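Read the structure below first, then the notes.
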Amino acid sequence: VFFKQMMNTGAIDRLQFSLCFARPDIASRDGTEAGSVTMGGTDTRLHYDPMVYAASLSKVGFYTIHLRNMYLRAGGGESAFTIGNNNGKDLLQKMQIEEATLNSGGIIIDSGTTDTYFNTKYNNEFKRLFKQITGFDFFKGPVSLTDEELHQLPTIVFQLAAADPVGDEDYDITQPNTVIGLAGDDLDSKHATDVLVAMPATHYMEYDKQDDKYKPRIMFTEHGGSVLGANFMTGHDVLFDVQNMRIGFSESQCDYDQLVATSNDPNLTLYPGSPYRKSTMYIAPDPPLKYEGSSTYAPIGTVAIILATLLLLLVGLALYFKKNNHQYQPARESELSQMDNDNEIKAGLDDINDETEVEFDTP
């Protein structure tokens, strides 16, 4: 491994490296900034917040973590931090999957895998909770979404088991409720220093310019372990600390070009309060809002009307073609499913709370 060779030759003094993956909106044939790689540690100038540490279960082979819980958060948001009651943690809805089942076959973080692949045992519960929140099924294939609809889709939040402290943490380990990226007592009193990693819809849905549609980039196909790929890591500086058996996370834009442009500023800091800290976060309502008329958050009446309208339309077309002695070929089931899915999305997202942009600037 390259960074181990650097350690052996004295080029770096710590058996660590970090990856910070950016996700630019526009790609160029001449090259597009993809983030940064740091050997021998991490560049804190990239960080929005102090780095928090999850336990790495193996010193050799894959980087394996222990997944304590998974949540979905209504309304979206790109950060593990939200504004509202308990930093918005009231809005986290826990997936009802046993911890042993979550970790069935092991879970690895693999930057060489583009997408994220879950064990098949996640499938039913994830899709149940997704539909409860949105009012429509999770996507089976490409789907048309506006930018607003995309950002209103639920954010997946992972709770990773914490690493043992080693003394170099840049925060007060005894005050987890004040640290962005830690579970805190208000979410999990038994594991308050566990790490929270947010995966917004912009990371699990990928736009295909050719089709002008979004495709899901999380799959529930694995019969063994799960793989958290590059889209899980995106939007974070991720430190692989082999010698201390931990994996660090700090939210970041991973904007290396901006870092280079401001590298001569001795006062540069990218922690909260910096002019550089600009992030879209979901403003949690107080109390959380629910859709009216349905305990499952689904606009059932609207969906029923849409389905009834489609049925009447198909019947009318059938009668018309029969009357005119034409052979009528009904739409394929997959096409009807896509039509229903698109209409359900429009209906369900109308009732989801709007995002608000929050700008963190130095007073």
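The values are calculated or read from the model by the stated rules, or taken from the named source; none is laboratory data. Small disclaimer: the values here were computed from a predicted structure and weren't measured. A quick note on method: Cβ atoms are made from the backbone with ideal geometry, for glycine too, and the neighbour counts reach across all protein chains shown.
Key figures
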{"item": "Boolean, residue 147 is without any contact (Cβ under 8 Å) to a residue 60 or more places away in the chain and either closer than 22 Å to residue 233 by Cβ or charged (D, E, K, R) (or both)", "result": "yes"}
{"item": "Residue 20, sole failed condition from (1) modelled with pLDDT of 90 or more; (2) assigned to a loop (DSSP other than H, G, I, E, B); (3) touching a His at 6+ places or on another chain (Cβ under 9 Å)", "result": "(2)"}
{"item": "Residue within the range 186-193 that is in a loop (DSSP other than H, G, I, E, B), in contact with a helix residue (DSSP H, G or I) (Cβ under 8 Å, 6 or more places away or on another chain), farther than 18 Å from residue 231 by Cβ and acidic (Asp, Glu) present", "result": "yes"}
{"item": "Count - residues of the range 54-70 that are in contact with a Lys or Arg (Cβ under 8 Å, 6 or more places away or on another chain), part of a strand (DSSP E or B) and under 22 Å from residue 112 (Cβ atoms)", "result": "2"}
{"item": "Residue in the range 96-116 that is in contact with a Phe, Trp or Tyr (Cβ under 7 Å, 6 or more places away or on another chain) and assigned to a loop (DSSP other than H, G, I, E, B) present", "result": "yes"}
{"item": "Any chance residue 191 is within 12 Å of the chain's Cα centre (by Cα) and surrounded by fewer than 23 Cβ atoms within 10 Å (Cβ to Cβ)", "result": "no"}
{"item": "Flag for residue 118 being in contact with an Asp or Glu (Cβ under 8 Å, 6 or more places away or on another chain), surrounded by fewer than 22 Cβ atoms within 10 Å (Cβ to Cβ), at pLDDT below 95 and within 19 Å of residue 219 (Cβ to Cβ)", "result": "no"}
